[in-house]
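Below is one structure, written out as structure tokens, with a few remarks after it.
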Amino acid sequence: MKNTLKLRTFDINDDIADIEIAAEILRNGGIVAIPTETVYGLAADAFSGEAVKKIFEAKGRPQDNPLIVHISDFSQIYSIAREVPESAKKLAEEFWPGPLTIILPKRQEVPDETSGGLDTVAVRMPSHRIANKIIELSCPLAAPSANISGFPSPTSFEHVEADMMGRADAVCDGGDCDVGVESTVITLATEIPMLLRPGGVTLEQLRSVLGEVDVAQAVLNPMGKDEKAESPGMKYKHYSPDAQIQIVRGNLGEFREYVNNSDCDGVLCFEGEEEFFPDKIIVTFGRETDSLSQAQRLFDALRELDEKGAKNVLARSPSTDGVGLAVCNRLYRAAAFRFIDGVKRPVVGLTGPTGAGKGYVSQYLESLGCYVCDTDKIARELTAENSPFLSVLAKHFGEDIVSGGVLDRKLLASRAFATKEKQELLNSLMHPEIIAVATERCREALYKGAVASVIDAPLLFEAKGEEHCDTVISVIAPKEMRLERIMARDGITKEQALSRMSVQHEDSFYTEKSEFTVVNDGKTDVREALSGFVAKYLR
Ligand code: TXA
Ligand code: MG
């Protein structure tokens, strides 16, 4: 056990004495945990094989896993890399100082201990002022993340203290790290640049500078036993807390259902979702729509799970966009690539000719916990007073159909039903809008926990709404029954009802395009008619 010195390194001026002590220890071949903008690093003189060896011992790190050399001035790169291609200069120009590590051919002065025996070397210029000052006062520093090998990287002084007291010569307190996950690693030693580890600099940003950039298979996938790792670090167990984590794919509604039917004791979810899991140990990692906040919180959250004693944890699945790729890369490894598919909750189309009794079926579906979205209601909303959609209609059917924000429905009808073309025009304006609103409402309802969302739409097929549905239920009924229902419902004569029915499709129009059909003839039991649907879609 080493007698580890605690240093205070928050401010370049106030804390310069401690910063100088850190630099001196490093110049003399010692190892010091230092803050960077990504995670804390455990640093040693990159050019001293003897000093670097101590890092591996302190971390329990496999010898063949190379380290990143940290510099504070671009010119130092020439003492480390044998060649510095244009592409490296461009990347440095754009992203240094910052969370990007570039792999280049190595100069022989860099010892094998630092490069893990490879012919290439990883270089990065951190943007953390204290890290830079320490480098400036000492030398280029080899520094892996300052965690015990295999465990989550430290993003706060408490983490570093927990991991490195007794192991390092000194630990520097520089507060919390901004980015929260380690730097992006890209190699320029391949024909096409390849992203080896995602981080704070995103794939999209790299491509905007370099054009084509490949992504190493191991970024989101486990390494096969005999596969050659592009980056040695990918082979090893990583970022793992003691708790066993499984990632549930799907949305919040699906996650809730899965969690509440499982015997897990811990939940790793996004902020604002805590209330849904009253009996579990809950740890959050950022907001669902904010990858940066997830990156910042993830390692801390993994440690927190262990502190709170969670053993069996179900985790939400983050997006892979932008910095989300870095979040997923760490979380997937922390979970040892254990995934569960959440229950898929369907969007269901419900259609049929007028008078067939769709309303009856939709009430039954509602009683089962389905959300039913009434598209007639959406059509009324779109044409209601002051609806922004009125201006679209006015543009096509004449400005005079709207006055004082109110639609003259009769005038619109007289114009829209004048010719077949005009009628089709009205449909082509209304239908996509209605379906867009409906699918959005359905999505939201599933998110909040509905067992299924139903788009109730007489013109489902005409509006191509079925393309947004996982399945379709049609409701049909014998003609005489429909006739009676329409007359009673709308208070119209037999002739009027017949004329309405005459423009409608035959039953086969509906049944041929539907997975399920309910014949609503007064004899059929809806429960029975939809038992197949319930078994398949509403488990
Ligand atoms: O943000 C960071 O990069 C932090 C802070 C301290 O700077 N450092 C860090 O280092 O994460 P470390 O050692 O935990 O991760 C370095 C990764 C490893 O996966 C290693 O295999 C890879 O970079 N690497 C280093 N040199 C390489 C090389 N020559 N070729 C391929 N991969 C290399
Ligand atoms: Mg590491």
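Multiplying the residue separation of K536 and D263 by 0.36 nm and removing their Cα-Cα distance gives an extension gain of 95.8 nm. What separates the Cα centres of region 130-163 and region 467-512 is a distance of 72 Å.
Please compute the alpha carbon radius of gyration of region 5-217, then divide it by the globular-protein estimate 2.2 N^0.38 Å. Two decimals is fine. In units of the globular-protein estimate, region 5-217 measures up at 0.94.
For region 244-341, the dipole from Cβ point charges (+1 on Lys and Arg, -1 on Asp and Glu) about the Cα centre works out to 400 debye, to the nearest 20. Only the Cβ atoms of Lys and Arg (+1) and of Asp and Glu (-1) were treated as charged; on that basis the dipole of the chain about its Cα centre amounts to roughly 1120 debye. Loop-located GluC sites (Glu not before Pro) in region 43-134 (DSSP state not H, G, I, E or B) with no more than 12 neighbouring Cβ atoms inside 10 Å: E83, E109. From least to most packed, judged by other beta carbons within 10 angstrom and beginning with the fewest, V343, V181, V283, V171 follow the order V343, V283, V171, V181.
Considering only I340, A315, G272, the residue lying farthest towards the positive end of the dipole of region 258-386 is I340, judged by Cα position with unit charges set on Cβ.
Label reach from R287 (point 7 Å along Cα→C-beta): in region 304-324, amide nitrogens under 19 Å belong to 316-324. Among the chymotrypsin sites (Phe, Trp or Tyr not before Pro) in region 293-402, those placed in a DSSP loop whose Cβ has at most 15 other Cβ atoms within 10 Å are F337. Does region 347-537 come out rounded, prolate or oblate by the C-alpha gyration tensor, with a ≥ b ≥ c the root eigenvalues, rounded set by a/c under 1.5 and, if not, prolate when a/b is larger than b/c and oblate if not? Oblate shape, in that a/c is at least 1.5 and b/c is the bigger or equal ratio. Rounded to the nearest 500, the helix-only mean residue ellipticity at 222 nm of the chain stands at -11000 deg cm²/dmol, with each DSSP H run of n ≥ 4 adding -39,500 (n - 2.57).
If R0 is 22 Å, the Cβ-Cβ spacing of E421 and V503 corresponds to a FRET efficiency of close to 0.85. Taking the Cα atoms only, what angle lies between the long axis of helix 479-490 and the longest principal axis of the chain, rounded to 10 degrees? Its long axis makes an angle of about 80 degrees. What does the C-alpha gyration tensor say about the overall shape of region 244-341? Classify as rounded when a/c is under 1.5, otherwise prolate if a/b is larger than b/c, or oblate. Here region 244-341 falls in the rounded category.
Step through the table entries K2/K54; K464/K513; K358/K410; K358/K479, compare each Cα-Cα distance with 18 Å, and write down the pairs that go over it.
Working: K2/K54 12 Å; K464/K513 11 Å; K358/K410 27 Å; K358/K479 15 Å.
Over 18 Å Cα-Cα: K358/K410.
Is the C-alpha gyration tensor of region 1-109 telling us rounded, prolate or oblate? Criteria: a/c under 1.5 is rounded; beyond that, a/b larger than b/c is prolate, otherwise oblate. Walk me through the intermediate numbers first.
Working: a/c = 2.03, a/b = 1.34, b/c = 1.52.
Oblate is the answer for region 1-109, as a/c is 1.5 or above yet b/c matches or exceeds a/b.
Under the simplified labelling scheme, the S367-D521 pair shows an inter-label distance of 2.2 nm, with each label point 7 Å from Cα along Cα→Cβ. The label point for K6 and the one for S149, both projected 7 Å from the Cα toward the Cβ, are 2.9 nm apart. Modelled spin-label separation between E83 and E399, with each label point placed 7 Å from Cα along the Cα-to-Cβ direction: 6.7 nm.
Computed from the coordinates by the stated procedures, all read-outs in this text should not be read as laboratory data. Not measured: the values here are computed from a predicted model. So basically every Cβ, Gly included, is an ideal-geometry build from the backbone, and we count neighbours across all protein chains shown.
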